[in-house]
Amino acid sequence: MRTLLRLSTISAAIGLVSFSALATSAVAQQASPSANASRFGIAVVDVSYIFKNYAQFKNAMETMKTDIQSAEAKLKTEGQSLEALAEKAKSYQPSSDEFKQIDEEVARKKADLSIKMGRIRKDFQEREAKVYYDTYVQVRNMVQYYAQQNNIGLVLRFNGDQINPNNPKAVLSGINQLVVSQNNIDITPDILALLNGGGGSPAGVAPSASRAGQPRR
């Protein structure tokens, strides 16, 4: 009788542990930011957060920042050389041929430097725009792929940042947000993990994904 009672107690304890483990697992699953996305067929994604934390994008921007600093250093050296030449002109009389020759050279080099600065600025602006565009395409395609794999019919963009009540601009931006409430349908962490893990667009994206960003006619 004692043996049966002991076995019954052990069985009950095992059952309690099993139930506790299942409950813990269920709670953990429910706590996942994207736990209900497949269930509801709808999800939200914080694109701005992904841009800030996407390793490939951050590396590209850091590389461009280094290149900009290098270009600025070269332009500064050329500017200093131009200043030295202008200073040299002061050692001559304004009516002298030497002064006129140096003055013309300074004016010519100053114009060339101004054109060069404008061209460099434009090149970096175009380069920055391309980095942003390429990254957006990668994010968009990954979202499309994730939605296909998880039977999600609609993905909305939202901002998961906390609103600063002391910042009128932030408050207005929060009021104008499309998504007011979401119940564990945030796929941002999943998309970011896929991008940082694979680094780029998935191969299984449907053809429509590549046309999603084109303007309608």
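The values are calculated or read from the model by the stated rules, or taken from the named source; none is laboratory data. Owing to the predicted nature of the structure, the values given are computational and were not obtained by experimental measurement. Ideal geometry is used to build each Cβ from the backbone, glycine not excepted, and the neighbour counts take in all protein chains shown.
Under the condition of being of a type in the set (A, V, I, L, M, F, W, C) and in contact with a Phe, Trp or Tyr (Cβ under 9 Å, 6 or more places away or on another chain), which residue from the stretch 135-179 is nearest to A43 (Cα to Cα)?
V155
A71 passes all but one of (1) outside any helix (DSSP H, G or I); (2) small (G, A, S); (3) within 34 Å of the chain's Cα centre (by Cα); which number fails?
(1)
Which condition breaks for S91 when tested against (1) part of a helix (DSSP H, G or I); (2) loosely packed, with under 12 Cβ neighbours inside 10 Å?
Single failed check for S91: (1).
Kindly check whether there is at least one residue in the stretch 109-132 that is surrounded by 12 or more Cβ atoms within 10 Å (Cβ to Cβ), of a type in the set (G, A, S), out of contact with any Gly (no Cβ under 6 Å at 6 or more places or on another chain) and on the phi < 0 side of the Ramachandran plot.
Checked against the condition, which is being surrounded by 12 or more Cβ atoms within 10 Å (Cβ to Cβ), of a type in the set (G, A, S), out of contact with any Gly (no Cβ under 6 Å at 6 or more places or on another chain) and on the phi < 0 side of the Ramachandran plot, the stretch 109-132 yields no hits at all.
Kindly indicate whether any position in the stretch 154-166 is of a type in the set (D, E), modelled with pLDDT of 95 or more and under 22 Å from the mean Cα position of the chain (by Cα).
No, because not a single residue in the stretch 154-166 is of a type in the set (D, E), modelled with pLDDT of 95 or more and under 22 Å from the mean Cα position of the chain (by Cα).
Does at least one position in the stretch 96-119 carry a residue that is free of Cβ contacts under 8 Å to residues at least 12 places away in the same chain, of a type outside the set (A, V, I, L, M) and in a loop (DSSP other than H, G, I, E, B)?
Scanning the stretch 96-119 turns up at least one residue that is free of Cβ contacts under 8 Å to residues at least 12 places away in the same chain, of a type outside the set (A, V, I, L, M) and in a loop (DSSP other than H, G, I, E, B).
Can you tell me which of (1) over 30 Å from T188 (Cβ atoms); (2) surrounded by 16 or more Cβ atoms within 10 Å (Cβ to Cβ) is the one V143 doesn't meet?
(1)
Just to be sure before I move on: is N141 out of contact with any strand residue (DSSP E or B) (no Cβ under 9 Å at 6 or more places or on another chain) and not in a helix (DSSP H, G or I) in the structure I sent?
Answer is no for this residue.
For the stretch 155-169, which residues satisfy the criterion of being in contact (Cβ under 8 Å) with a residue 60 or more places away in the chain, among the hydrophobic types (A, V, I, L, M, F, W, C) and either in a loop (DSSP other than H, G, I, E, B) or in contact with a Gly (Cβ under 7 Å, 6 or more places away or on another chain) (or both)?
Hit for the stretch 155-169 is F158, nothing else.
Listed here are the residues, each with its yes/no results for (1) modelled with pLDDT of 95 or more; (2) farther than 30 Å from V180 by Cβ.
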{"residue": "I50", "(1), (2)": "yes, no"}
{"residue": "Y54", "(1), (2)": "yes, no"}
{"residue": "S70", "(1), (2)": "yes, yes"}
{"residue": "Y92", "(1), (2)": "no, yes"}
{"residue": "E98", "(1), (2)": "no, yes"}
{"residue": "I120", "(1), (2)": "yes, yes"}
{"residue": "V131", "(1), (2)": "yes, yes"}
{"residue": "D134", "(1), (2)": "yes, yes"}
{"residue": "Q144", "(1), (2)": "yes, no"}
